[in-house]
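The block underneath contains the structure these notes are about, expressed in structure tokens.
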Amino acid sequence: MAGKILIVEDDRAIAQSLTRLLAREEYYIAAKSTAEEGIDLIREDPSFDLALLDVTLPGRDGFYCCRELRALGWRGAVIMLTGRSLSIEKVTGLESGADDYLTKPFDPAELLARLRAHLRRTRDYNTSGDQIDKITVDDGLTVDSRIRDAVVRGEPAHLTDREFELLLLLARSLGTALDKGWLFQQIWGCSPEMGIKALAVYVRRLRQKIEVDADNPKYVQTVRGFGYRLGGE
């Protein structure tokens, strides 16, 4: 099976069109029309690989749905779907835990390309067999490729795939400043319109999970005018 996809879309015509499109690609599809139904499904079956979430839903919106899925510890990819192209909505979606954003009406070929890229990225990282399984930054932070997570002061950080990819890139060059444009290309190569703002959102989210004080980071340090580096003791 190509993968398991959750669609949360209240417009029946759009939901049916997406279902037909993805079914032709041999994906397993489950379609729900409200945020609560999507959350309940992932709670019962967290094995879904990716979720397509409409922003405008009856009752709770797609941002709420995304936040709740992340709160459950679900680490699949999330692509937000919206009828508006406002930058603030894109940033809000990323801050909610989304990985990508598509504005309606979108080209079906573009949707499939982005979806495949997210699924391929996850599988590549899960099967790559990294040369170094663990990178110990200091007594308070370890980056563990075997579980695709960080261990922070003895506890799992529950990083999403994108958050882990960012931390792993920094950890592999521990102490070295990495250009923010290069980091962006490595992680968001298929979504250039989000720009560096997307990287800044994920840096903030990563800091919130691994730093004692996210406003005064010890680990993920900003190199003004250039990018970021991972520091420690």
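Its convex hull of Cα atoms gives the range 1-99 a direction-averaged projected area, equal to a quarter of the hull surface, of 5.8 nm².
Taking only protein heavy atoms into account and a 1.4 Å probe, give the accessible area per residue of the chain in Å².
Computed with neighbouring chains in place, this is 48 Å² per residue.
If you wrap the Cα atoms of the range 142-233 in a convex hull and average its projected area over all directions, you get 5.8 nm². Across the chain, Cα pairs under 8 Å and at least six residues apart give a relative contact order of 13 percent.
Here the chain carries DSSP beta bridges of which approximately 45% are antiparallel, counting only pairs with both residues inside.
Less than 12 Å Cβ to Cβ from D11, Lys/Arg counted +1 and Asp/Glu -1: what total charge do the surrounding residues give? Around D11, the surrounding residues sum to -1. Over the chain, DSSP H runs of length four or greater, each weighted -39,500 (n - 2.57), average out per residue to a 222 nm ellipticity of -13500 deg cm²/dmol.
Here the chain exposes an accessible surface that is 47 percent carbon and sulfur, computed with a 1.4 Å probe and the other protein chains kept in place. Size descriptor for the range 1-44, Kirkwood hydrodynamic radius: 10.6 Å (Cα pairs only, one decimal).
Ellipsoid fit via the Cα gyration tensor, the range 48-110: semi-axes of 18, 14, 11 Å, each the root of five times an eigenvalue, largest first. The label-point distance for A113 and E25, in a model that sets each label 7 Å from Cα toward Cβ, rounds to 1.2 nm. Charges were assigned to the Cβ only: +1 to each Lys and Arg, -1 to each Asp and Glu. The resulting dipole of the range 8-126 about its Cα centre is roughly 280 debye. Accessible area ranking (1.4 Å probe, heavy atoms, ligands and nucleic acids excluded), largest first, for I88, I39, I29: I88, I29, I39.
The values are calculated or read from the model by the stated rules, or taken from the named source; none is laboratory data. Keep in mind that this is a model prediction, so the values were computed, not measured. Here Cβ is always computed from backbone atoms with ideal geometry, including for glycine, and neighbour counts include all displayed protein chains. Accessible surface areas use protein heavy atoms only, side chains included; no ligands, DNA or RNA. Shrake-Rupley method; radii C 1.70, N 1.55, O 1.52, S 1.80 Å.
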